[in-house]
Amino acid sequence: MRERRRLRLGVLVLVSLLLLGAVPAFFAVGALSRDPVFDALDALEVPVWAEQTTVDNVSGSRWCLQDCRLRERTAESERPAEETAAEYERALTATGWEPWSVERCPEQPAPGRYTCWRRDELTLDLWVRPPTCVPPPVDGEPAIPPSPQPTPAEPTGDCTGSSVSIKVRNAIDDDRTRPQPSTDPSLTGEDPFPTFTDDPLLELTPSPS
């Protein structure tokens with residue numbers, strides 16, 4: 001009887017330890033798997049109409065193993081790009097993000113409004129633009145998909161609102177935070193963009209014969 005009691009007591013103690021350890025471990029794994037940057041984006045106080053059909057994507061390592069993490073969020077807005085961009089910029093400012101005036105923002109010319117932001121060790125790119133409208137099917141056949149770099153169509157019919165793209169990177173992995181190449185002649189030894197003028201003082205004076 002004593003052996004059975006000891007065995008039962010040991011089993012109860014083991015089960016209790018497993019339960020007590022499993023619950024914290026579950027929440028710890030959940031906290032590690034959920035990127036806090038997305039929690040910060042969820043906390044942005046933007047109207048409901050400005051964050052429809054939200055999709056999140058992530059790539060790279062949070063600890064910058066080989067590649068640093070890139071967080072991307074896309075959403076659809078029911079209102080024009082100007083009004084939507086103003087709401088997102090207001091929300092970013094309220095949560096501590098500061099406008100970042102830097103070259104290559106954007107990397108290439110982009111329609112709509114494109115702004116860059118910084119906060120602590122992160123950089124953020126916000127792009128709000130008119131939606132890319134896909135023509136409806138014709139005679140039951142699917143419409144021709146847009147080109148790789150589509151141009152925004154005029155908002156006709158149901159093609160209204162705007163599209164929102166947000167990219168958040170670690171500042172150490174953002175090339176724009178690093179010193180940019182300089183074309184200073186004192187560093188290169190040669191002026192890559194010489195200036196030609198009609199100044200007669202720059203012409204050679206013939207020596208007397």
Item checked: Kirkwood Rh in Å, taken over the range 25-115 so that all alpha-carbon pairs contribute -> 15.3 Å
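Show me the ranking of peptides 6-15, 167-176 by mean Cβ neighbours inside 10 Å, starting with the highest.
Listed from highest to lowest mean packing, they are 167-176, 6-15.
No value in this document is a laboratory result; all are computed from the given coordinates. As the structure is a prediction and not an experimental result, all values here were calculated from the model. Every residue, glycine as well, gets a Cβ built from its backbone with ideal geometry; the counts of neighbours run over all protein chains shown.
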